[in-house]
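Right, one structure below, let's go through it.
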Amino acid sequence: MEIVVCLKQIVDPEIPASEFRLDPVTKRQIRGSHALVISTYDENALEVALQLKEKQGGKVTAVTIGEEQATEALRKALAMGADSAVLISDPPLLEADDLGKARVLARAIRKLTTPDLILCGCESADWVSRIVGPFLAEELGLPCVTFGTRIEPRDGKIVVRRIVEDGYHLVEAALPAVVTIASDETNTPRLPKVRDIMAAVKKPITLLRMADLGIEPGSLKEMEGRIVLQDVAIPVREARCEFIEGDTPEEQAERLVLRLKELKVI
Amino acid sequence: MGIDWPRGIAVLVLTGVATAIFLREMARIYRFLRLGQGSLRVDRVGKRLLDLIVYVLGHVKVLAWTYSGVLHLFIFWGFLVLLTTILQQYGEAFVPGWSLPWIGNSPVLAGLQDLFILLVLVGVGMALYLRAVVRPPRFRSSNPLDAYLILGLITGIMVGLAGSRATAIALSKEAPPGWLAGAFLSRALAVWFKGFSPSMLHLVHELFWWLHLLIILFFLTWIPEGKHLHLITIFPNIFLRKLTPRGALRPLDLEKAESLGVGKVEQFHWKDLLDTFACMECGRCTAVCPANATGKELDPRRLHTAIRHHLVEVGERVIAARESGQAIDRPSLIGDVFSEDFLWQCVTCAACIQECPAFNEHIDKIVDMRRYLVMEESRAPDTILEALRSLEARGHPFKGALASRTDWAKGMGIKEVARDGPAEWLFWVGCAAAFDERAQKVAQAMARILQIAGVDFAILGGEERCTGDPARRMGHEYLFQMLAQENIATLERYGITRILTICPHCYNTLKNEYPQFGGNFQVVHHSQFLAALLREGRLQLRQPLNLSLTFHDPCYLGRHNGEYEAPRQVLRALGGNRVVEMERCRERAFCCGAGGGLFWAEERVGKRINHERAEHALETGAEVVGTACPYCLVMFEDAVKAKEAPFRPRDIAELLADAL
Amino acid sequence: MATILVIAPAYEGHVGRTSLELLGGARRIGEARGMEVVAALLGKGAGAAASQMWQYGVKRVYVADHPSILLGELEAFYLASLEACRAANPGVVLLLADSVGREVGPRLAHRLGGGIVTECIDVQAGQDGEVTFLRPVYGGKAIATYRLVNFPVVVTVKPHTMEVPAEMPVSGETIPLELSMDPEGLKTRVLEVVSEEVTGVKLEDAPVVVGGGRGIGGPEGFQLLGELARLLKGAVGASRPPADAGWVPPTWQIGQTGKTIRPDLYIAVGISGATQHIAGVSGAKVVVAINKDPEAPIFKVAHLGVVADYRKVIPPLIQKIKEIVGT
């Protein structure tokens, strides 16, 4: 099975809120000295791809759009077990919106291979828009399943376990297809083996420019014709905690109940 | 007196057979040892020879456990002294009535020999009492048959020897001059044989004489089969012991190593294999192991005996396979011989190493197998993997920390090297004190003390990375070496030479392990630094703390680095304190449960180690448990919450800051 | 004239309460821009729910009642949504950002030209007709504001973020959508629907949620929380540690990697207050924190705090609620 996994390198989403800074001009997070990591669910997607490869045979290609430093993310993907890696890098791409990114990815994927399956994380851990996966499916004209956690090949198709609010659905999809991946206990990303880390340093990474894909810079920000990001702000919390005192737990409990009644919440 | 050729030749033939059997077995074991990795390099020969005198002849470590130490001392020295009687016997075999030249007729030697016959029997009696009556749990996994057989053999040798001496005295018409005077025991026993007819007496003498010799020869053939091999292996094992700091794990050449860690028995270092043949199964390691004591599978004695049994079982086939190049079917070292749980229960506290009379190194073996699991197989408990991933991504193991590396220092006016240039001392904060809310208070207290004492210091702030201690002990040597190299580069870039740290784990790694990668710094633990500040009178105590205190020795400060006094000096200097020691303190301190990277592991099996340790503290009745490690502190806080214990854990720096 | 189109699943004529919340946001934009709010109800047997829309002042209700539009059949839902858009000529399409909307919304938007805001938590419509959408980004560490520039756009709205509007009944009409859908031609197909046994109120819908954290100490403690929750007709949730440790099912987890809740009252018990958890409860109107550690960060976000051991304070709390509020 030929599988393409789309990855995004982001600033460590686990940093404390106190360390979070925004650039007022770009309206994006300032990296500072924080680590760059593969976006959380993209790693789950890679894990699902690698497990499928182990079961079915085939090839896994990791693709990312990013700057030079995104090669680090690709090296990690190679170390985890991806067979090849592609970096799509060009300065105008930094400005691309979700539609632009989906187009670029779709062109790159078509140019590189004829995949059976394309996996993305269900959302990026930074912007959490959950758009690029379905957009990519539309660009490629492929069926789309979102928030899958497990994929079973069955009779030339796949069965995806899609998580929903109160459980899950088993969804059959024809191949090729685009599936976005959410996490569960079966797709926790593996720790790369040390030999693979060392081998990954020597593997080549394919570099694609916009010219290679025949993409015009003007086509990267079409969403702005409809909707514009006006502002990004860090919310201020106004709450100051009111402590319920009391000499005994009973007293505290009684005061709490009375206070909640005043607030009309019980 | 003529030469008794038939008897002499009979003795020589029997001896030859026994020696051949012995040597064949020893050669086999030697070939097994040769399977191991690494080469033999001997440095510091003088120190090593001295060790043999102190620890083999002097029994210094064996005597740390008084009862079993004394009994062993009796038997061991009996063995040495009574070697003279064996020489005597070989002479007698050819020349009846022969005695050792020079000393053979000394009444002192005869007296010593008799004394040790008695002491060996006392020793055997004590050993039997210990095994059969006291039955300490540490003998649980030891082979009782082997032990009783050997005790029986020793008794037999002593009976044969004493009997042959007593009957020889009874037989002799005129008393042999000299030595008889000293042989108090043999003379007393000879009285029993007074009524025997000469021929009967002669027969009985011959019986004792042959009993003595035959048991010794049987013993010789039996030595390689069981734990009594330590009679031989203890000498090379102590001579070749690790003289590098205890806290420094053996580095692994990641580029050249055939296997990253140990997944098969022949991948162990050959000295680790020798360790297993030097193990005398005394079980002291298991008796002091905190994991074992809290109902876990880990058993440091079994670590050694199981490797030895496994090696003996598969050794020949491995050698054959090495020559033929074919794979062999055998039980897996990790999985069949040791479960993964077994390997992940070790807190690397070194309590076992501290007690081992053979100087065996338990931690290296366990970490070697963890290395294989983590680096070759990518397998570890989930939370360990999570911590490793965090270490790799962000240089600290506290994923989801609510603080940044420098949050604790906000508003304290603390210099940062990158911003303000290096200071006289680099204050190495460590991840625990930076990211854990409770441990942050230790960093703040320490910084305040340094400011009061007027010490010029700075922190690395955002440029500090985990020293790699947890990664290394979790078996991820690659990640450890990356972190170590990054930190060494940072420290060297700023020309830093003197480092002060509040974390014993950082202390151990910076001091003992960074030199393996060319990082040589003067590293001081805050307990030592504070003790020095107090000694030099640079801190004026405003108020004595009227507290009853106990002190919990962090493993990586105490056992791994031998620092027991400095933190106690600080506590005593606080004035008015009562310091009550826990039963297990100093060299025998019981781990808090966090070492070996297990701070990040879920402790699902058995009682939690920190709960057990909290109970030890509770027994002292102290109001405050002093410690000198942020991990110990957090583990204690956790136990106090869970057990609602009426004491407060505090770092010595916090206590000192309170008194200023 | 472009419309505001609310698309909701209505399998067997049932429209979820959270779908009605969309009407609140829709009405706000409609009023600011002078646009009509219309609805599309999709699903087998959807027609029966049309009157519910009329109740909230939606006159024109498009109905796609087709045997292929079943629970989870999102390909069919997507094709029906496209048909609804063709018929209703929407300027703004609103869907819930749930398991349906998060897949169908972006695909629809792509077909309509790419304008989309997902995971929207608030709509603001100014008098000048300016419409903005708010959504949390960076795991809740920041809020992004998007301005509507041109029609059409798709907006997916996070459940429980908007108010169900006041009723204003009208006499409306049902407009059936003609679907030429070949069930065999659908590229995806649901083989099985597995719903986990959720007893009592669903966590996301509960007006009161009692959440437990690491401080609960084990699965047993959650029984006490369950008792409190039942009394308040609420649900029990948890932060990550209890879910990770297996004390509670993973579906109970609230937070960035779990569920987002928006109850009137959230009682956080033994929860330290990691950002990861806080991200999921920021919509709660009143947060009560019960924790032994007065330094716990949860008190920084709580409105009411009780510094106590939950084992000692919850039993009298249950008692007092029975006494003062009644059961």
Strands (runs of 3 or more DSSP E) contained entirely in region C:219-319, each with at least 2 residues that are within 22 Å of the chain's Cα centre (by Cα), small (Gly, Ala, Ser) and outside the structural domain of C:Glu163 (by TED's automatic domain parsing): C:235-238
Any hit, region A:40-63, residues being within 14 Å of chain C (Cβ to nearest Cβ), at pLDDT below 95 and open to solvent by 20 Å² or more (accessible area, probe 1.4 Å): yes
C:Ala50 vs. criteria under 24 Å from C:Leu74 (Cα atoms), outside any loop (DSSP other than H, G, I, E, B), touching a Ser or Thr at 6+ places or on another chain (Cβ under 7 Å) and assigned by TED's automatic domain parsing to the domain that holds C:Ala84: yes
Within region A:8-34, tally of residues that are more than 14 Å from chain B (Cβ to nearest Cβ) and either in a strand (DSSP E or B) or acidic (Asp, Glu) (or both): 4
Residues within region A:1-17 that are open to solvent by 50 Å² or more (accessible area, probe 1.4 Å) and more than 30 Å from A:Ala106 (Cβ to Cβ), tallied: 1
Search result, residues across region C:146-168 that are more than 12 Å from the chain's Cα centre (by Cα) and open to solvent by less than 40 Å² (accessible area, probe 1.4 Å): C:Tyr146, C:Leu148, C:Pro152, C:Val153, C:Val154, C:Val155, C:Pro165
Tally of residues being at the interface with another protein chain (Cβ under 10 Å from one of its Cβ atoms) and either surrounded by 19 or more Cβ atoms within 10 Å (Cβ to Cβ) or in contact (Cβ under 8 Å) with a residue 24 or more places away in the chain (or both) across region A:143-157: 5
Check on C:Val154, at pLDDT 90 or above and assigned to a strand (DSSP E or B): yes
Qualifying residue in region C:169-189 (condition: touching a Lys or Arg at 6+ places or on another chain (Cβ under 6 Å), open to solvent by less than 70 Å² (accessible area, probe 1.4 Å) and under 24 Å from C:Val286 (Cα atoms)): no
Of residues in region B:135-151 being part of a helix (DSSP H, G or I) and under 24 Å from the mean Cα position of the chain (by Cα), the one surrounded by the most Cβ atoms within 10 Å (Cβ to Cβ): B:Arg138
Residue within region A:129-138 that is among the aromatic types (Phe, Trp, Tyr) and over 19 Å from A:Val63 (Cα atoms) present: no
Breaking point among (1) without any contact (Cβ under 8 Å) to a residue 12 or more places away in the chain; (2) among the small types (Gly, Ala, Ser); (3) in contact with a Cys (Cβ under 8 Å, 6 or more places away or on another chain), for B:Gly335: (3)
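Okay, residues lined up against (1) in the same structural domain as B:Gln485 (by TED's automatic domain parsing); (2) buried (at least 23 other Cβ atoms within 10 Å of the Cβ); (3) under 30 Å from A:Ser33 (Cα atoms):
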| position | (1), (2), (3) |
| --- | --- |
| B:Phe338 | no, no, no |
| B:Val347 | no, yes, no |
| B:Pro357 | no, yes, no |
| B:His362 | no, yes, no |
| B:Asp368 | no, yes, no |
| B:Ala403 | yes, no, yes |
| B:Gly411 | yes, no, yes |
Region C:50-104, residues that are under 20 Å from the mean Cα position of the chain (by Cα), away from chain A (no Cβ under 14 Å) and without any contact (Cβ under 8 Å) to a residue 60 or more places away in the chain: C:Gln52
Residues satisfying the stated conditions in region C:143-170, i.e. more than 30 Å from C:Arg111 (Cβ to Cβ) and either within 14 Å of another protein chain (Cβ to nearest Cβ) or among the small types (Gly, Ala, Ser) (or both): C:Ala166
Considering residues of region A:229-262 that are part of a loop (DSSP other than H, G, I, E, B), more than 7 Å from chain C (Cβ to nearest Cβ) and not β-branched (Val, Ile, Thr) only, the residue surrounded by the most Cβ atoms within 10 Å (Cβ to Cβ): A:Gly246
Failed criterion for C:Arg33 (all others in (1) surrounded by fewer than 24 Cβ atoms within 10 Å (Cβ to Cβ); (2) touching a Ser or Thr at 6+ places or on another chain (Cβ under 6 Å); (3) within 15 Å of C:Val153 (Cα to Cα) hold): (2)
Residues located in region B:418-432, provided they are under 15 Å from B:Gly462 (Cβ atoms), among the hydrophobic types (A, V, I, L, M, F, W, C) and open to solvent by less than 20 Å² (accessible area, probe 1.4 Å): B:Leu426, B:Phe427, B:Trp428, B:Val429, B:Cys431
From the options A:Glu185, A:Glu139, residue that is of a type in the set (Asp, Glu), more than 7 Å from chain C (Cβ to nearest Cβ) and open to solvent by less than 50 Å² (accessible area, probe 1.4 Å): A:Glu139
Subset of region A:81-133 [of a type in the set (A, V, I, L, M, F, W, C), open to solvent by less than 50 Å² (accessible area, probe 1.4 Å), within 23 Å of C:Ile116 (Cβ to Cβ) and more than 9 Å from chain C (Cβ to nearest Cβ)]: A:Ile88, A:Leu93, A:Ala96, A:Val104, A:Leu105, A:Ala106, A:Ala108, A:Ile109, A:Ile118, A:Leu119, A:Cys120
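From the list C:Tyr62, C:Tyr11, C:Tyr56, which one is surrounded by 17 or more Cβ atoms within 10 Å (Cβ to Cβ), of a type in the set (Phe, Trp, Tyr), in contact with a Leu (Cβ under 7 Å, 6 or more places away or on another chain) and over 21 Å from C:Leu82 (Cα atoms)?
That would be C:Tyr56, the only listed residue that is surrounded by 17 or more Cβ atoms within 10 Å (Cβ to Cβ), of a type in the set (Phe, Trp, Tyr), in contact with a Leu (Cβ under 7 Å, 6 or more places away or on another chain) and over 21 Å from C:Leu82 (Cα atoms).
Regarding A:Leu94, is this residue under 17 Å from the mean Cα position of the chain (by Cα), modelled with pLDDT of 95 or more and either in a helix (DSSP H, G or I) or under 23 Å from A:Lys221 (Cβ atoms) (or both)?
So A:Leu94 fails the test.
Among the residues of region A:189-209, is there at least one that is in a strand (DSSP E or B), facing another protein chain (nearest Cβ under 9 Å) and surrounded by fewer than 20 Cβ atoms within 10 Å (Cβ to Cβ)?
no
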Pick from region C:126-138, criterion outside any loop (DSSP other than H, G, I, E, B) and open to solvent by 20 Å² or more (accessible area, probe 1.4 Å), ranking: modelled with the lowest pLDDT: C:Pro136
Qualifying residue in region B:392-415 (condition: within 11 Å of chain A (Cβ to nearest Cβ), under 30 Å from B:Ile307 (Cβ atoms) and under 33 Å from the mean Cα position of the chain (by Cα)): no
Test: A:Val37 is part of a strand (DSSP E or B), open to solvent by 10 Å² or more (accessible area, probe 1.4 Å) and free of Cβ contacts under 8 Å to residues at least 60 places away in the same chain: yes
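The values are calculated or read from the model by the stated rules, or taken from the named source; none is laboratory data. Remember, it's a predicted structure, so these values are computed and weren't measured experimentally. Heads up, the Cβs are rebuilt from the backbone with ideal geometry, glycines too, and the neighbour counts pull from every protein chain shown. Surface accessibility is based on the protein's heavy atoms, side chains included, excluding ligands, DNA and RNA. Shrake-Rupley method; radii C 1.70, N 1.55, O 1.52, S 1.80 Å.
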